[in-house]
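Novice: Sending over a structure as structure tokens; questions will come in a sec.
The values are calculated or read from the model by the stated rules, or taken from the named source; none is laboratory data. These figures come from a predicted structure and were not determined experimentally. Every residue, glycine among them, receives a Cβ derived from its backbone with ideal geometry; neighbour counts consider all protein chains shown. Just so you know, the surface numbers come from the protein's heavy atoms only, side chains and all, with ligands and any DNA or RNA stripped out. Shrake-Rupley method; radii C 1.70, N 1.55, O 1.52, S 1.80 Å.
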Amino acid sequence: MASLLLIDDHPLVEVALEAACVNAPITLKIHAAGDEAQARQLLQQHPIDLIVLDIGLPDCDGLELLRRLRVRNQHCPVLIYSAQQSRHTLLSAVSLGAAGYVVKSQSMAQLLSAILAVLGGQQAFPPLPERIELPLTEKEQQIVALLVRGLSNLQIGEQLHISNKTVSTHKKNILEKTGVQSVVELAELWKAQQ
């Protein structure tokens, strides 16, 4: 028997996973948590063989939770089960130590297959999405390259012979176009594109 911890705020996911587990070649016991606090409590109360984590949780950043889970429970693999399917999210999950990644648009049978693969010591990642071009102008690409190197808005403005305010406007547009929330995420996305 293997013990799973499902961290997902949608109760129907637990019901669907339990139904899928009936067809598993091994007995799978599911413990479910809707948030990080419940997950921590269940991890203390039960031996867990695999964590299935939705990174789209309402109360915390799921990728940050993945990092914390990997630090605290180094030997317990984490399988991401998320509606997010961007290259950036997938690469972030890989770099943070996830053992697999299943997109919620896939069937429960595919999730079960990934769970069994990870329990068997394998990884379960989809093929990496093709490299996508960021929808940025040439000037915005220059600014991103300088931001990634750690230059301030003022330094970028001096180097490109534009005002500090213009750099700020470009930066705001870049964050909107790429959908990232911070310069750190932008740097990760930029490096993934190179």
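Novice: Residue check, Glu14 against (1) in contact with an Asp or Glu (Cβ under 9 Å, 6 or more places away or on another chain); (2) within 22 Å of Gln122 (Cβ to Cβ), all met but one. Which one?
Specialist: The number of the failed condition is (2).
Novice: So Ala109 ticks every box in (1) at pLDDT 90 or above; (2) within 28 Å of Pro77 (Cβ to Cβ); (3) open to solvent by less than 60 Å² (accessible area, probe 1.4 Å) but one. Which box is left unticked?
Specialist: Single failed check for Ala109: (3).
Table: residues versus (1) farther than 28 Å from Gln181 by Cα; (2) under 18 Å from the mean Cα position of the chain (by Cα); (3) open to solvent by less than 20 Å² (accessible area, probe 1.4 Å).
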residue: Ser3; (1), (2), (3): yes, no, yes
residue: Ala20; (1), (2), (3): yes, no, yes
residue: Pro47; (1), (2), (3): yes, no, no
residue: Asp61; (1), (2), (3): no, yes, no
residue: Ala83; (1), (2), (3): no, yes, no
residue: Thr89; (1), (2), (3): no, yes, yes
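Novice: Determine whether the stretch 129-139 contains at least one residue that is modelled with pLDDT under 90, out of contact with any Gly (no Cβ under 9 Å at 6 or more places or on another chain), open to solvent by less than 50 Å² (accessible area, probe 1.4 Å) and under 30 Å from Ala24 (Cβ atoms).
Specialist: Scanning the stretch 129-139 turns up at least one residue that is modelled with pLDDT under 90, out of contact with any Gly (no Cβ under 9 Å at 6 or more places or on another chain), open to solvent by less than 50 Å² (accessible area, probe 1.4 Å) and under 30 Å from Ala24 (Cβ atoms).
Novice: Which pairs turn up if I take residues in the stretch 51-79 that are modelled with pLDDT of 90 or more and look for partners that are among the aromatic types (Phe, Trp, Tyr) and open to solvent by 60 Å² or more (accessible area, probe 1.4 Å) with beta carbon separation below 9 Å, at least 6 apart in sequence or on another chain?
Specialist: Once the first residue is modelled with pLDDT of 90 or more and sits in the stretch 51-79, no partner that is among the aromatic types (Phe, Trp, Tyr) and open to solvent by 60 Å² or more (accessible area, probe 1.4 Å) comes close enough.
Novice: Inside the stretch 161-172, can you point out the residues that are exposed (fewer than 15 other Cβ atoms within 10 Å of the Cβ) and part of a helix (DSSP H, G or I)?
Specialist: Selection gives Asn164, Lys165, Ser168, Thr169, Lys172.
Novice: From the list Ala39, Ala24, Ala32, exactly one residue is at pLDDT 85 or above and either closer than 20 Å to Gln123 by Cα or in a loop (DSSP other than H, G, I, E, B) (or both). Which is it?
Specialist: Ala24
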